[in-house]
Each structure stands twice: as structure tokens, then as C-alpha cells.
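The values are calculated or read from the model by the stated rules, or taken from the named source; none is laboratory data. Computed from a prediction, not measured in an experiment: that's the story for all the values here. Using ideal geometry, Cβ is built from the backbone for each residue, glycine included, and neighbour counts are taken over all protein chains shown.
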Amino acid sequence: MSSTESYPKFPAISTKKLQDGLQSEIFRWALTNGLAMYPPNFKPELATVAPITLFPTPLPNEAFQKAIDVQTIYNALYASISQNKNDWLAKETEKLAKSDPEFTGRLWTLYKRAKEYGIVQDLALGVFRSDYLINSDNNQIKQVEFNTVSVSFGGLSTKVGELHDYLNKSGNYSDNGEVFYDQDIPISPSAELLATGLATAINKYQPADKNKRPIVAFIVQNGERNVFDQSILALNLLSKYDTKSVRLTIHEIHEATRLDPETKRLYHKTTGQEIGLVYFRSGYAPSDFVSEQDWENRLTLEISYAIKAPNLLTQLSGTKKIQQLLTDPKILKEFLSDTESLDHLLPTFVKIYPLDSSVLGEIGKKLALTEPENYVLKPQREGGGNNIYKEDIPGFLESVDEDEWSAYILMELITPKSTEENFVIRGQELFNVPILSELGIFGTILFDHNNIYSNEYAGWLLRSKFSSSNEGGVAAGFGCVDSVVLY
Ligand code: ADP
Ligand code: MG
Ligand code: MG
């Protein structure tokens, strides 16, 4: 559909049709194809369909394309920050570490220790996702955040597009068995392109034995619910790139791997295979590290010759604080010299304020206390459920010592359009309430201190949530995986 066409209609199927079999059709398709998740109480035997929408959600084509178009610019920007050009990332993180000793501080200390040991691998892989809400006033994309560690749902995003396309083509979107949409439902290429990104790193890695293909270690959480999303990538790695992978938790690295003391090469102990890439699908929250051993294990991985996705500097480039600083065009220019790229990124920002003793920080503090209804307050955390919204902000800030306010950023709220015509499927439950959607664009970039070896867009994710809820994390229980129809 072209952008001149009006907002597309949703299928109007009867509730009876839904209850009489459409839902079981969906469950069958989902389990056949791995559009699945473990339930919140983590009972592996009760794996079920992942939280999804029944229909694709309409998105303006122009905004969608714009988000895709800027992805490689964002990739390059964050690679450039991770390269610690002008020591900027180090200086900013050193300050931030003081106001957030519990997590940023620990990661930063770990990086400094790794540097003392010696960092032997110059290559780094970024597997990124830039998230946007589309402003309801003007259909402009506005960045919510840029994720540099453990970005998820690239696997399930492809699957939900395939499900919606199947439901349409099989006649399930109409009471008379006809197709509802004349065209294919767009399918995110993320399940394949993220595997391509991981394989790029393996291809560039120099193994000790040139005849043996190194493997990828997925570093995962114990009790992870979103396993199938990860497995889809692992299966694609094997089938399309002849690349094996293992799943390890951070808690077992000291037992499950061996670091050669001379070469710093990392080996999988039981098979003896060389690990060429450490791909983090955990390690983004303090709760991922339960003992001191876990931190030591993270250090082992950092000083190993394996490529990290991400290494500590790349992970630290993705803090909310760095995002706030980059909204200052003067700072942004240090990392993106060409004006064309700048002109593309600047309109994707909304205002973000620090809450420190700078001039801008004083403005931020005043806004937080006098007009909180227009803002969200964010700590330096990932994974959903950490933000403070609107009227809760002043009371929250009062409960925190003012010295610690600089660990937070204050961000203007974006107001996307909501729709009432989609359904949300969560387990056996079906909801028909207004939802709004957040668009994520994946990207991968392989780089070292001076060079970029590959920089690619890697598909999309649409997550939708009840309009009534502030947050939209799927794994955190706030949202669901959606697909798109463009108009
Ligand atoms: P996290 O790293 O925990 O995912 P986010 O910055 O993505 O943190 O915030 C979590 C959620 O909060 C987002 O998915 C979105 O639903 C909501 N949110 C965050 N920032 C904004 C904003 N500026 N305007 C509106 N909603 C926001
Ligand atoms: Mg995040
Ligand atoms: Mg987020």
C-alpha cells in the first residue's frame, strides 16, 4: 500500500470465529514454527505461544523507511563512541560510574581491570537495536533508546510476520475464508540478518587451527523465558553459515571454558572447540551477576581473544546517559562529522535533560518538579520496568539524595497513536483494548579501533503494549510481538 492510501482497516472477524478455532490454529502454527516462549513461572514443559497480536498493526510507510534508513548511521555512531575517540566515553563513564556504583560502576571497574591485564582482541561486534515511537502529531520517528547489549526478539519478529502472513493467506482473517490483505504481510528479515551479523564476526576471527571453524558462545540467563528467540538465531547460524554454537551462563564460564594463559584463546571445555565470538544475551542487569565469580567470569571473557558482542566499552556506550549527551549537536558532531548524517539523526531525538549541576541539569531539575506530566525519568538500567513516569517523578526524586540525581536522565514523553482494533493474545487470554506500538530496528557492525569491516541494517521488531501501561517490555510482561502493514 502506498502512503497516499488511508489508514488500513483491520479484519472484522467475529468473536465466535476467534473462539471456535482461530486461537487453536494460532497455537498450532506457533508451536510448529517456534513462535514460542516459556511461561512467567518458567515451567519448560509449558512452553506456549509468545505474547503476540492477532493482526499486523498499520504503520506509516515513510516513518518505517526512515527508521530503516538511519540504522547504519546509528551503528557507525555507536561504533565510533565505543572506539573511545578522544577518550570521551571513558571520561563520561568515569563520572557516571560514581553516581551509579551498583552497575555502571562495576562494569567500568571491570573494563579498567581488563585493560590492566591487556585487551588482546581489537575486533568488536555491535548487535544493536534502535527503538522508536512514532509521534502521533506528525508521524515522525522519535528515538526511545539505543540498545547495545542483549537485544532480543529478532527471531520471534520474523516468526510473527510469517504467522500473520499465513493467517491472511489461509483465509483466517475473514469469515468467508478469503484473503483480507491483497498483499503479502511484510516479514522482518531479522532472524536471518542477525545470524549473518554473528557469522561476519566468525568469518573475520583468526582461529589457532585454520581448518576448524570457531564456534559462538551464547551467554544466556538461567531460567530464560525467551529461549526460542535465541534458538532461531542459533539454527540459522548452523544452517546458513555452518557455524555451531553453545549456550552457557555467566555462572559457569570458569568451569565450562578454558582460557589459554599464553594466547588468551577461549575454548569450550567439553568439546575443545575454539570460541570465536561471545554473544551476550544476558549481563545487562545487576541481577544477572549473582556472585563475585560471575564478575570474574565476565572479566575472563573480556580479556579473552574471542570477539565480544558487545565488549564492555560497546555495552557502556549504550547507557541512557550517553544517549542524553548525544542530543547535544556539539557533542554529536565530534562523532559524526558529515552534515548529511547529522541532518538525518537530529530530527529523531526528543529533548533529554541531565539532572546534574550543569546549566542544562538545573533546567532538567526544574522541569522534573514543575511539569512532570510531560516527562519520563530513567535510571541507567536495561530490560524494562525501571522508569518513573509523570506525576511519580517529584515524589521519587524527593526520596533520592540530590547527589544521586545525576544517575538519571529526564526525557520528554513521546505520544504515539493508539489503535483499538487489534487483539492481544497472551497464553489463553485474548484482550481487545487500545494498544500502541514501538518500532525497533536491528543493526550489526564489525569494527576495531580504526576500521569498520561491515555495517548493516538487520531487520525490525514491532512491539505493542496496552496504551494504559507505561512500559512495553515483552519479556518483562508488559507487551507483545507484532508485525506491520504499511500505509
Ligand atoms: P529499557 O532499556 O528498560 O527498555 P526504555 O528507555 O526503552 O528502557 O523504556 C522502557 C519503555 O518505557 C519503552 O519501551 C516505552 O514503552 C516507555 N518509554 C520510554 N521512553 C519513553 C518516552 N520518551 N516517551 C514515551 N514512552 C517512553
Ligand atoms: Mg534498553
Ligand atoms: Mg527499551
* Do we find that Tyr7 is modelled with pLDDT under 95 and surrounded by fewer than 19 Cβ atoms within 10 Å (Cβ to Cβ) in this structure? -> yes
* Of all helices (runs of 4 or more DSSP H) completely enclosed by the range 27-146, which ones contain at least 1 residues that are touching a Gly at 6+ places or on another chain (Cβ under 9 Å) and within 16 Å of ligand 3 (Cβ to nearest atom)? -> 61-69, 71-82
* Answer yes or no: is there a residue in the range 426-446 that is among the aromatic types (Phe, Trp, Tyr) and at pLDDT below 95. => yes
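Residues are listed down the side, and each one gets a yes or a no for (1) within 22 Å of Tyr453 (Cα to Cα); (2) small (Gly, Ala, Ser):
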| residue | (1), (2) |
| --- | --- |
| Ala199 | yes, yes |
| Lys204 | yes, no |
| Gly223 | no, yes |
| Ser239 | no, yes |
| Leu248 | no, no |
| Phe280 | yes, no |
* Asked: Can you name the number of the only condition in (1) among the small types (Gly, Ala, Ser); (2) touching a Leu at 6+ places or on another chain (Cβ under 6 Å); (3) part of a helix (DSSP H, G or I) that Ser231 fails?
  -> (2)
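Considering each of Ser454, Ser468 in turn, give the residue that is away from ligand 3 (no atom under 16 Å from the Cβ), out of contact with any Phe, Trp or Tyr (no Cβ under 8 Å at 6 or more places or on another chain) and in a strand (DSSP E or B).
Sole residue among the options that is away from ligand 3 (no atom under 16 Å from the Cβ), out of contact with any Phe, Trp or Tyr (no Cβ under 8 Å at 6 or more places or on another chain) and in a strand (DSSP E or B): Ser454.
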* Asked: So is Lys204 in contact (Cβ under 8 Å) with a residue 60 or more places away in the chain, in contact with a strand residue (DSSP E or B) (Cβ under 9 Å, 6 or more places away or on another chain) and surrounded by fewer than 18 Cβ atoms within 10 Å (Cβ to Cβ) or not?
  -> yes
* Specify which of the listed residues (Ile352, Ile425, Ile388) is buried (at least 19 other Cβ atoms within 10 Å of the Cβ) and within 10 Å of ligand 1 (Cβ to nearest atom). => Ile352
* Among the residues of the range 429-457, write down those that are among the aromatic types (Phe, Trp, Tyr), within 30 Å of Pro11 (Cα to Cα) and touching a Lys or Arg at 6+ places or on another chain (Cβ under 7 Å). => Phe442
* Structure fact -> Taking the range 359-385 and keeping only residues that are near ligand 1 (Cβ under 10 Å from one of its atoms), surrounded by fewer than 18 Cβ atoms within 10 Å (Cβ to Cβ) and more than 17 Å from Ser469 (Cβ to Cβ), one is left with Asn374
* Just give me the residues in the range 429-449 being in contact (Cβ under 8 Å) with a residue 40 or more places away in the chain and either surrounded by fewer than 20 Cβ atoms within 10 Å (Cβ to Cβ) or part of a loop (DSSP other than H, G, I, E, B) (or both), in sequence order. => Leu430, Asp448, His449
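Looking only at residues that are polar (S, T, N, Q) and part of a loop (DSSP other than H, G, I, E, B) in the range 160-210, which one is nearest to Pro11 (Cα to Cα)?
Looking only at the range 160-210, we keep the residues that are polar (S, T, N, Q), and these are 168, 170, 172, 174, 176, 183, 188, 190, 196, 200, 203, 206.
Now restrict to residues that are part of a loop (DSSP other than H, G, I, E, B): 170, 172, 174, 176, 183, 188, 206.
On the way: Ser170: 14, Asn172: 10, Ser174: 7, Asn176: 12, Gln183: 14, Ser188: 21, Gln206: 52 Å.
Of everything passing the filter in the range 160-210, Ser174 is nearest to Pro11 (Cα to Cα).
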